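Undergrad: Shown below is the structure under consideration.
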Amino acid sequence: MFGPEDEQSFVKQNKYTLSLSSEGLYNVKKEKVTMPENTNHLWKYNEDKILKDIQDYVTSTYGSHYCGHNQDYKDIQTIDLMAAKDLAPGFCQANILKYGSRYGDKDGRNKRDLLKVIHYAMLLLHFDGHYSRKDNGLTEFR
């Protein structure tokens with residue numbers, strides 16, 4: 001059971017602080033918030049460790065995506081361009097099939113393939129509107 005005492009340990013990945021500069025510009029400071037080592041003593045299938053691995057994997061992808069080199073475009077990923085053309089949901093679903101079907105074949109029972117499946121499923125949840133953000137979150141990082 002998930003109760004009020006568990007709610008304290010269920011935190012977001014990032015904390016954002018908004019401040020106003022002397023020039024009248026807003027500054028956004030992003031700080032990573034990590035999950036505690038043992039999130040829930042009731043999980044018996046290593047879900048807490050799996051969630052930590054997923055969090056670490058997803059975080060690592062933000063430094064490795066194909067982004068623009070120009071400072072104005074450094075946070076725009078290829079999937080953002082796909083989203084602009086309404087191609088992101090299909091792309092995510094296709095990659096879930098791709099990485100799921102190659103698990104056990106290419107590079108053996110590769111944990112990274114399963115992490116990719118989970119990450120693309122998370123992205124699909126976003127792009128299909130289950131967890132939406134204003135303008136896909138692009139202005140939050142400028």
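Undergrad: Give the long-range amide H neighbours of residue 110: residues separated by 5 or more places, or on another chain, with amide H under 5 Å away, using H modelled in the peptide plane at 1.01 Å from N.
TA: Distant-sequence amide H within range of residue 110: 104.
Undergrad: Would you kindly state how much longer the chain becomes between residue 121 and residue 52 on full extension, computed as 0.36 nm times their sequence separation minus their alpha carbon distance, in nm to one decimal?
TA: Details: separation 69, 0.36 × 69 = 24.84 nm, distance 1.65 nm.
The residue 121-residue 52 span can extend by a further 23.2 nm.
Undergrad: Using θ = phi - 60° and the Karplus curve 6.51 cos²θ - 1.76 cosθ + 1.60, what whole-Hz ³J(HN,Hα) does each residue of segment 120-131 get, with Gly and Pro shown as x?
TA: 5, 5, 5, 5, 5, 4, 5, 5, 8, x, 5, 9
Undergrad: Going down the list 52/74; 49/85; 29/106; 30/106; 44/74, which pairs span over 32 Å between their C-alpha atoms? Don't skip to the answer; put the middle values down first.
TA: Numbers: 52/74 26 Å; 49/85 36 Å; 29/106 40 Å; 30/106 37 Å; 44/74 41 Å.
Pairs exceeding the cut-off: 49/85; 29/106; 30/106; 44/74.
Undergrad: If the chain between residue 15 and residue 111 were fully stretched, how many nm would it gain, using 0.36 nm times the residue separation less the Cα-Cα distance?
TA: Details: separation 96, 0.36 × 96 = 34.56 nm, distance 2.88 nm.
In short, 31.7 nm is gained.
Taken together, the values in this text are just the output of simple stated rules run on the coordinates, not laboratory data. Being a predicted model, the structure only gives us computed values, none of them experimental.
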